[in-house]
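One structure is given below, encoded as structure tokens.
The values are calculated or read from the model by the stated rules, or taken from the named source; none is laboratory data. Please read all numbers here as calculations on a predicted model, not as lab measurements. With ideal geometry, Cβ positions are generated from the backbone for all residues, glycine too; neighbour counts draw on all protein chains shown. Note: areas computed on protein heavy atoms with side chains; ligands, DNA, RNA excluded. Shrake-Rupley method; radii C 1.70, N 1.55, O 1.52, S 1.80 Å.
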Amino acid sequence: MHYRFQILMNDYTLCPSDWGMTGECATFYRIYYVCGGKAWFRQGEEEVQLKKGWLYILPVMQSYSLRHDVKDPLEVLWFHVELDLSMGRDFTAVEICEGEDLYYLLKSIQVIQRDPASFEDVNRLFDIFLKRLEQRLTLYRTGSRRMNRVLSYIDEHIADDPEIQELAACAGMERSYFTRRFKEIFKMCPRQFVYTRKMSVGAKALLEGATVREAAEKCGYSDEKAFTRAFKRYMEVTPGEYKKRRACTEP
């Protein structure tokens with residue numbers, strides 16, 4: 001099965017002493033492959049230590065916290081990824097043993113991802129990685145033709161800032177019923193989903209060379225400052241910082 005995805009950011013990092021987050025609620029998937037160090041994921045009253053050699057998928061639109069031992073900092077290959085499927089409804093952990101396909105795919109990405117000419121290769125390997133991962137996990141994609149039609153409508157009209165009533169009409173549903181069904185399937189409300197798509201379109205435009213103003217217009221923002229504020233909430237960096245950071249790893 002083919003998965004449509006966009007790697008928003010990725011790197012191989014030895015985390016600094018001030019790394020960590022409290023009450024994070026991301027609208028993209030954080031995927032961590034732990035290579036060393038001591039770190040912990042906390043959600044509610046439950047805390048889990050992240051172990052070397054394990055892959056972790058952190059949930060979308062759910063509050064959680066992360067911390068590490070500054071004397072033994074987290075060493076991690078990480079991805080911020082937007083996907084057209086719900087990859088993990090909850091915190092997910094997968095042990096990846098040395099010698100298996102997933103291990104070699106991740107190690108290959110780790111080696112080549114710093115090369116400015118390797119962006120397409122990283123995407124190709126990550127696509128293969130997702131297909132292999134599907135064999136280990138129960139990945140979910142909506143089979144609803146109505147909802148798939150809505151997703152296409154959102155992408156086609158993202159610059160017009162589609163309203164919930166429009167989306168409900170596209171699905172052929174009453175507004176409140178549509179909102180409830182959408183949230184059941186995608187684990188976020190329609191407005192949150194539209195927001196994530198806007199930021200994805202903006203990020204892609206920036207990577208393709210658009211100015212901040214041009215990127216803002218592509219995803220429906222008439223106010224450049226409003227786009228910058230929204231982008232920073234989503235990506236944790238400003239549009240300008242995002243372009244500079246990605247320039248180090250992408251063509």
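Split the accessible area of the chain by element, probe 1.4 Å, and carbon with sulfur accounts for 48%.
For the chain, the longest principal axis of the alpha carbon atoms and the long axis of helix 224-235 meet at an angle near 40°. Label sites at Thr13 and Val237, each approximated as a point 7 angstrom past Cα along Cα to Cβ, lie 0.9 nm apart. Can you tell me the orientation of helix 175-186 relative to the chain, as the angle in degrees between its alpha-carbon axis and the longest Cα principal axis, to the nearest 10? The two axes meet at around 20 degrees. Given +1 at the Cβ of Lys and Arg, -1 at the Cβ of Asp and Glu and no other charges, the dipole of region 1-82 around its Cα centre is 180 debye to the nearest 20. The angle between the Cα long axis of helix 190-207 and the main principal axis of the chain comes to about 70°, on a 0 to 90 degree scale. Residue-normalised convex hull volume from the C-alpha trace of the chain: 129 Å³ per residue.
Charge tally around Thr22: other residues with Cβ under 12 Å, Lys/Arg +1 each, Asp/Glu -1 each, net +1.
Volume per residue of the convex hull around the Cα atoms, evaluated for region 169-245, comes out as 105 Å³.
Solvent exposure of the chain amounts to 50 Å² per residue of accessible area, where only protein heavy atoms count and the probe is 1.4 Å. What value, in deg cm²/dmol to 500, does the helix sum -39500 (n - 2.57) over DSSP H runs of n ≥ 4 give at 222 nm once divided by the residues of the chain? Result for the chain, helices only: -13000 deg cm²/dmol. With contacts taken as Cα pairs under 8 Å and at least 6 residues apart, region 22-77 reaches a relative contact order of 49 percent. Computed over region 4-160, relative contact order equals 26 percent, with contacts defined as Cα pairs under 8 Å that lie 6+ residues apart.
The tail of the calculated P(r) for region 123-189 beyond 21 Å holds 38 percent of all Cα-Cα pairs.
Take the alpha carbon gyration tensor of region 1-113, find the square roots of its eigenvalues, order them as a ≥ b ≥ c, and report rounded if a/c is under 1.5; if not, report prolate when a/b exceeds b/c, else oblate. Here region 1-113 falls in the oblate category. Within a straight-line Cα-Cα reach of under 19 Å, Lys198 can be paired with the following lysines, leaving aside sequence neighbours fewer than 8 residues apart in one chain: Lys183, Lys187, Lys218, Lys225, Lys232, Lys243.
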